[in-house]
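Derivation of every value follows stated rules applied to the coordinates shown; laboratory data play no part. Treat the numbers as computed from the prediction; the structure is a model and nothing was measured. Using ideal geometry, Cβ is built from the backbone for each residue, glycine included, and neighbour counts are taken over all protein chains shown.
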Amino acid sequence: MPRNLLLAVCAAALLSAGLFLLLTADDPSRYVVFSTWGTPSEIAGFRTLIDHYNATRHPLHPVKLSHSEQYQYTERLLVQSAALAPPDIIHLDRKDIPLFVQKGLLEDMTPLMKGDSSFDPGVFLPGLSAGCSVAGRAYAVPHNFSTLVLYFNRDHFDAAGIPCPDSTWTWESLLTAARRLTIVDRAGNIVRYGCHMQIAFSTLLQQNGGHVLNAALDSCVIASEECADALQFEVDLSEKYRVSWSMLAQNLQWDDMFKGGRLSMIVNGRWAAVPYEQAMGKGTVDIAPLPRGRFRKGAAAVHVMAISSGSAKKKEAWEFVKFLVSDEGERMVNREGATIPATRSIACSDAFLRHVLTPAMDNRVFLEELPSSVVWPFEQGPYLTTFTLQSRFELAMRRVLLHEATAMQSLRGMQEEINRDIQVQRRVPDRRRFFGGLLSWCCAALCVLACVSAWRLLGHGSGRPGSSLHRRGAERKL
């Protein structure tokens, strides 16, 4: 072999090996990738689950955690899937299932469930599995959930001589108590607010008989008198009655306000229970059902486990999903106290009802709210994301707060904008698979580069002395 060719081959081999090692140093194909989001404590809990599973089950491909913050988590998953690099197991909010199914991103888990005698779909609390199916096919299994409840400061109620909230409370009851609990100093500054309801705004719409989308979830119908009245009530809490603060206010963190005693009532989920109890002391904070409007409606966020349709390790992914919803896995989830296990055996036991981290709270309220609960924050359907709806809601409320429009005018504008968004999504074509990925394209490019380099090193394709082209020219001259 000519010396130049040998050098070219060696150089190409070294470059190829280096690039391969670089690109496969953390190759996802070596793992079953599990994607989730959450606070640092929630991520730590999932990391503990994964470490325990890998250490006790010894899977062929270890489970690896991929996580991000909740903000635009759905959009991140959609981008990964479009790039043909989805995780194997996806931790989703149940409201996202129609969107992901419509885009063909979730595996139909019905055959896996029916073909596995060790899996019992009846272990979950009633109502949690319903939203996991589309057209009679199961695309996910419930893992944990939280209902929204009204947290209140017992010391504030006792000092004001007000009975604690209960299931009979209405919007009027809330407002009456909030006005008595709000404290204003001599300069007219509010030093303690009575309530904060913003997180439950979408639920207030449904409590008043309104809806964001129609029954088919393909058209926005929010421009109704019922929704306009609910929006006006939310605005009046801060602008008219001054028992809450406007969303236009800067640098007000509602959790810190409540924990610091500058807020008497706040709507929040189970994820807030442990931080509140730890900050405020045992017995200071308790919970009650959401105050009702015209109708009794609660709110629930249900988190599920799904398998990506693009996963090459679906059976291994299914084994990890089964572990997550087993008694062993759900007990580990319950220890953190940030969510409620989806299985009856754990959620209805003293392990949750008398949770060691929230022993003074009436934890049963979380479960009692579930039967009347609607999807929180939005039933978004197959064409919208939570980020889209949330941003539209905030703009609608800002228009009212800034006196740019009435509640009805603002909701009409929001309805038109959302329906335009839906029409745009309806026209988006189905994704088309393309050949190859980053590794294959890089290796192909490197091979081409190596061939070109070898050609040049051997003197082919140039007119310099010693090249084949130069020799042929010299022969013709002779």
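A quarter of the convex hull surface defined by the alpha-carbon atoms of segment 140-299 gives 11.4 nm² as the mean projection. 3J(HN,Hα) along segment 167-172, derived from phi through the Karplus expression 6.51 cos²θ - 1.76 cosθ + 1.60 where θ = phi - 60°, amounts to 5, 8, 5, 10, 4, 5 Hz, with x in place of Gly and Pro.
What per residue convex hull volume, in Å³, do the alpha-carbon atoms of segment 30-75 yield?
Numbers: hull volume 2.8 nm³, N = 46.
Looking at segment 30-75, the number lands at 60 Å³ per residue.
Within the shell defined by Cβ-Cβ distances under 14 Å, the residues around MET361 carry a net charge of -1, with Lys and Arg each +1 and Asp and Glu each -1. For segment 237-259 and segment 132-197, compute the distance between their C-alpha centroids and round to whole Å. The two parts, judged by their Cα centres, are 13 Å apart.
Rounded to two decimal places and with Rh computed the Kirkwood way over Cα pairs, what is Rg over Rh for segment 290-432? Before the final figure, lay out each step's value.
Numbers: Rg = 20.5 Å, Rh = 19.1 Å.
Ratio value, two decimals: 1.08.
Taking only the alpha-carbon positions of segment 37-162 and ignoring solvent, what does the Debye formula give for the base-10 log of I(q)/I(0) at q = 0.11, 0.13, 0.21 Å⁻¹? So the normalised log intensities are -0.54, -0.71, -1.52.
Taking Cβ atoms as reference points and 15 Å as the exclusive limit, the residues near THR74 contribute a net charge of -2, counting Lys and Arg as +1 and Asp and Glu as -1. The share of alpha-carbon pairs in segment 279-355 lying farther apart than 17 Å comes to 63%.
If Rh is defined by the Kirkwood formula over all Cα pairs and Rg also comes from Cα, what ratio Rg/Rh do you get for segment 96-231? Don't jump to the answer; show the numbers that get you there.
Values: Rg = 21.7 Å, Rh = 19.3 Å.
Using Cα coordinates only, the ratio equals 1.13.
Taking 8 Å as the Cα distance limit and 6 or more residues as the minimum spacing, I'd like the relative contact order of segment 203-279 as a percentage. Could you put the intermediate results ahead of the total?
Details: 49 pairs, mean separation 12.4, N = 77.
Relative contact order here is 16 percent.
So how do ILE266, ILE97 line up by other beta-carbon neighbours within 10 Å, fewest first?
On the way: ILE266 26, ILE97 21.
With the sparsest Cβ surroundings first, the list reads ILE97, ILE266.
Counted by Cβ distance under 15 Å from GLY45, the other residues give a net charge of -1, where Lys and Arg count +1 and Asp and Glu count -1.
Which number do you get for Rg(Cα) / (2.2 N^0.38 Å) in segment 27-104? Mind showing how you got there, number by number?
Details: Rg = 13.2 Å, N = 78, 2.2 N^0.38 = 11.5 Å.
After normalising by residue count via 2.2 N^0.38 Å, the value is 1.14.
Taking amide H atoms as placed 1.01 Å from N in the peptide plane, the amide H of HIS143 lies under 5 Å from those of HIS303, VAL304, MET305, each 5 or more residues away in sequence or on another chain.
Bridgeable lysines around LYS315 (alpha carbons under 24 Å apart, same-chain partners fewer than 8 residues away excluded): LYS64, LYS103, LYS114.
Pull out a ≥ b ≥ c, the square roots of the eigenvalues of the alpha-carbon gyration tensor of segment 211-332, then state rounded if a/c is under 1.5, prolate if not and a/b is larger than b/c, and oblate in the remaining case. Walk me through the intermediate numbers first.
On the way: a/c = 2.55, a/b = 1.35, b/c = 1.89.
Since a/c reaches 1.5 but b/c is at least a/b, the shape of segment 211-332 is classed as oblate.
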